[in-house]
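The values are calculated or read from the model by the stated rules, or taken from the named source; none is laboratory data. Everything numeric in this text was worked out from a predicted model, so none of it was measured. Glycine also receives a Cβ, built like all others from the backbone with ideal geometry; neighbour counts cover every protein chain displayed. With ligands, DNA and RNA removed, areas are computed over all heavy atoms of the protein, side chains included. Shrake-Rupley method; radii C 1.70, N 1.55, O 1.52, S 1.80 Å.
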Amino acid sequence: MTTTAIPHRPLRALARDALRGAWDRAVASGALPPTKPDTDLPAIEVERPANPAHGDIATSLGLKLARPYRRAPLEIARALAAELERAEAPGGGTLFASVEVAPPGFVNLRFADAALEAVVAAVLDQPAGWGRVHAAKPLKANVEFVSANPTGPLHIGNARGAFVGDLLCRVLEAGGHHATREYYFNDFGAQVRNLGASVVAIRAGQAVPEDGYRGAYVHDLVAALPSDLAAEADRDPDAASWTVGRWASEQVRRGIEASLAHLGVHFDVWKTESSLHDEGWVARAVARLRESGHVYEEGGATWFRSTAFGDDKDRVIYKSNGDPTYFAADIGYVTEKFSRGFDHLVYIWGADHHGTVARLQNAAQAMGFDRAAVEVLLIAWVRFVRDGVEASMSKRAGEFITLDELLAEIGVDSARWFFASRAPTTGIDFDIELAKRQSNENPVYYVQYAHARIASILRKAAENGFERAIDVRGALAGASEAALVRALVRFPEVVEDAAAARETQGVTTFATDLATTFHAFYRDARVIDPDEPERTRARLALVRATQVTLANALALLGISAPESM
RNA sequence: GCGCCCGUAGCUCAGUGGAUAGAGCGUCAGGUUGCGGACCUGAAGGUCGUGGGUUCGAGUCCCGCCGGGCGCGCCA
């Protein structure tokens, strides 16, 4: 990989630096007053204006400084503008082509062509790194998601958590962090035994127990039962429930892993609840809490004093019968995760678990961990509907649509885009029939089409001898070209924002915008023209950079970028 | 009752406290003698649930109310 003197930082960050420098110089020159120690000063921020007439980037610092400085916003803006005009681009030359003061106190900035061209050159030089940014404080994050107990195949109710978790990991990684994908499941509880009992009962031709499982997959398990387990089931049905349950659970777990692989989701770690007990993590965590006085006994049970941290009630760790609660394992798991060197834990839970967030963070705090390092993202419910009728999702009753069935109907790319483009906290209606009918109109195809169209142009370019003849110089000659460059250079900023917010809607919006801008460019600017080789080379540079950006944005979402479609 | 989340165009949803609130789908009217028409151009469509407050500036922050979802176990 070659390294050049090209800005790898987002342009927005360069603008922010320039603003900071301008402020300092304005103070140094006396144009703005020195800052008093105790004043509450605004953060140095720049923004991408919605209105193109307001430039590529803007700042409202003049307005925000008006109160602490006790001066007119416009006056401050003018002082900042005067210094911003001198701001230098990393590669030399000025960073801004124009600096304008606008009432009531904005400063609107337009990047110099050379600065924009330098970004395009960087994209072409290092396409794989385009859209990956450095984090100010890189996290070593553990992201736990899905974590459905292996008592049945994943159904469409698990879809959102699976996609959102994976998307979050991808976004964190692009944002300069490290993410480990972790799946946690119960391998010894009553549910496992009930699954085994269900298999045994069906094999014996008896009714499935009250709290058993009865989907078609249970019958598949019966048919696949190995001979030794089958013999045990026939000999001693009661005792076999456990062994058969463990076997069945592992079969189901493998099926889940395969389904997830089909979604493009691969876990780094599969962690069992039993291991947390067997390896002593739970006991040690409880001891740790006890030492610091956060545990007490009452009514034969062991309690965590969660109210000391603002919870509305204390929480049971060990029941009066001695069994640990789910919460007990959670506590042990926190210490186990931190012991592996993670400095940040992310839990992706369904919104119905919001009541358990406080106790987990309280326990982490009580054990001496940074409360803020335990982050819980609550995913809102998806209401699955078939032609207006809500689809029931009961694993026990065997009434559910599996993830595999859903994807066979609407496709992975389409499903990924659907979930990526919506805020995880927003409850959504998902009409499966509607999704099938509309799958051809899914916006994801709009973006993929732009990518395929570019691939076609580049093939044509090669046929005309322009294979390697790409030259960024003069690429911003026309209005369509300028608009395209201005659209694509924002990509790293979008990634930064996505990682910070733990959301991906910004990426889908960006990709759609870029595709739209490209289609307009395509309409206005003929790329390949053998009579205009220089212009062709310049436009090819833009087209290629656009393709890289679209491909990387789609890859960030785990979506394919087809060469043709 | 208490707590958390949500309420933006006909539908599904975007919108780090900034300037004239957007997209897709749907509806209506247009566009091919040239690199992919799965595309493009335009129009209609909004008291951002509601009433206050903070702010130079509120869809965004705070409080009340209305409506919807979810929690409030020695279940997981």
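State the dimensionless ratio Rg/Rh of the range A:161-312 (Rg: radius of gyration of Cα atoms; Rh: Kirkwood radius). Value, to two decimals: 1.09.
Assign unit charges at the C-beta atoms only (+1 for Lys and Arg, -1 for Asp and Glu), then state the dipole size of the range A:443-556 relative to its Cα centre in Debye, rounded to the nearest 20. Spell out each step's value before the answer.
On the way: 14 positive and 14 negative charges, 39 e Å.
Here the size comes out at about 180 debye.
For the range A:128-199, would you read off the P(r) tail past 15 Å as a percentage of all alpha carbon pairs? It would help to have the intermediate numbers written out before the result.
Numbers: 1620 of 2556 pairs.
I get 63 percent for the Cα pairs in the range A:128-199 exceeding 15 Å.
Along the axis of the charge dipole computed for chain A (Cβ charges of +1 for Lys and Arg, -1 for Asp and Glu, origin at the Cα centre), the listed residues A:30, A:63, A:289 are led at the positive end by A:30. Here the range A:1-141 is assigned +1 on the Cβ of each Lys and Arg and -1 on the Cβ of each Asp and Glu. Its dipole about the Cα centre then comes out at about 500 debye. The Rg/Rh ratio of chain A, with Rg taken over Cα atoms and Rh as the Kirkwood radius over Cα pairs, comes to 1.06.
Straight-line cross-link reach from residue A:36 at under 28 Å between alpha-carbon atoms covers these lysines, not counting any fewer than eight positions away in the same chain: A:64. Packing-based ranking of A:167-173, A:539-545 yields A:539-545, A:167-173, ordered from highest to lowest mean Cβ neighbour count within 10 Å. Mean separation of Cα pairs under 8 Å and 6 or more residues apart, divided by the residue count, gives the range A:443-556 a relative contact order of 42 percent. Close amide-amide hydrogen proximity is noted between residue A:385 and A:391, A:430, A:431, A:432, each under 5 Å apart and 5 or more residues distant or on a separate chain (H modeled in the peptide plane; Pro and chain starts excluded).
For chain A, what is the accessible area per residue in Å² when the probe is 1.4 Å? Intermediate values should be presented prior to the final figure.
Working: 25120 Å² over 565 residues.
Dividing the accessible area of chain A by its residue count gives 44 Å².
Could you tell me whether the range A:19-108 comes out rounded, prolate or oblate from its Cα gyration tensor? Rule is a ≥ b ≥ c as square roots of the eigenvalues, rounded for a/c under 1.5, then prolate if a/b exceeds b/c, otherwise oblate. Oblate shape, in that a/c is at least 1.5 and b/c is the bigger or equal ratio.
Projecting the Cα atoms of A:505, A:553, A:536 onto the dipole axis of the range A:443-556, where Lys and Arg carry +1 and Asp and Glu carry -1 at the beta carbon, places A:536 farthest toward the positive end.
Taking amide H atoms as placed 1.01 Å from N in the peptide plane, the amide H of residue A:344 lies under 5 Å from those of A:140, A:142, each 5 or more residues away in sequence or on another chain.
Here chain A exposes an accessible surface that is 50 percent carbon and sulfur, computed with a 1.4 Å probe and the other protein chains kept in place.
Where both residues lie in chain A, what percent of DSSP beta bridges are antiparallel, nearest 5? Don't skip to the answer; put the middle values down first.
On the way: 23 of 46 bridges.
The antiparallel proportion sits near 50 percent.
Residue-wise HN-Hα couplings along the range A:309-323, as the Karplus relation 6.51 cos²θ - 1.76 cosθ + 1.60 with θ = phi - 60° gives them from phi, are 10, x, 5, 7, 7, 6, 10, 7, 9, 10, 5, 5, 8, x, 6 Hz; Gly and Pro carry x. Annotation: amide H-H contacts under 5 Å for residue A:350 (H modelled 1.01 Å from N, sequence separation of 5 or more, or interchain): A:379. Phi angles of the range A:279-286 translate, via the Karplus equation with coefficients 6.51, -1.76, 1.60 and θ = phi - 60°, into HN-Hα couplings of 8, x, 5, 5, 4, 5, 5, 5 Hz per residue; Gly and Pro are given as x. With semi-axes defined as the square roots of five times the eigenvalues of the C-alpha gyration tensor, the equivalent ellipsoid of the range A:1-150 measures 32, 23, 15 Å, largest first.
Positive end of the dipole of the range A:11-111 (Cβ unit charges, origin at the Cα centre): among A:104, A:43, A:92, the Cα lying farthest that way belongs to A:104. The convex hull defined by the C-alpha atoms of the range A:443-556 has an orientation-averaged projected area of 6.7 nm². Ordering A:419-425, A:364-370, A:510-516 by mean Cβ neighbour count within 10 Å, with the highest value first, yields A:510-516, A:419-425, A:364-370.
Charges at C-beta only: +1 for Lys and Arg, -1 for Asp and Glu. How large is the resulting dipole of chain A about its Cα centre, in Debye rounded to 20? Provide the component values of the computation, followed by the final result.
Values: 61 positive and 73 negative charges, 274 e Å.
For chain A, the charge dipole is close to 1320 debye.
Ignoring lysines fewer than eight residues from residue A:140 along the same chain, the ones with Cα atoms less than 28 angstrom from its Cα are A:271, A:337.
May I ask you to order A:204-216, A:253-265 by the average number of other C-beta atoms within 10 Å around their residues, highest value first? Intermediate values should be presented prior to the final figure.
Working: A:204-216: 14.6, A:253-265: 17.3.
Per-residue Cβ counts within 10 Å, averaged per peptide and sorted highest first, yield A:253-265, A:204-216.
For the range A:335-347, putting each phi into the Karplus relation 6.51 cos²θ - 1.76 cosθ + 1.60 with θ = phi - 60° gives couplings of 5, 4, 5, 5, 5, 7, x, 6, 10, 8, 10, 10, 10 Hz, in residue order, rounded to whole numbers and with x for Gly and Pro.
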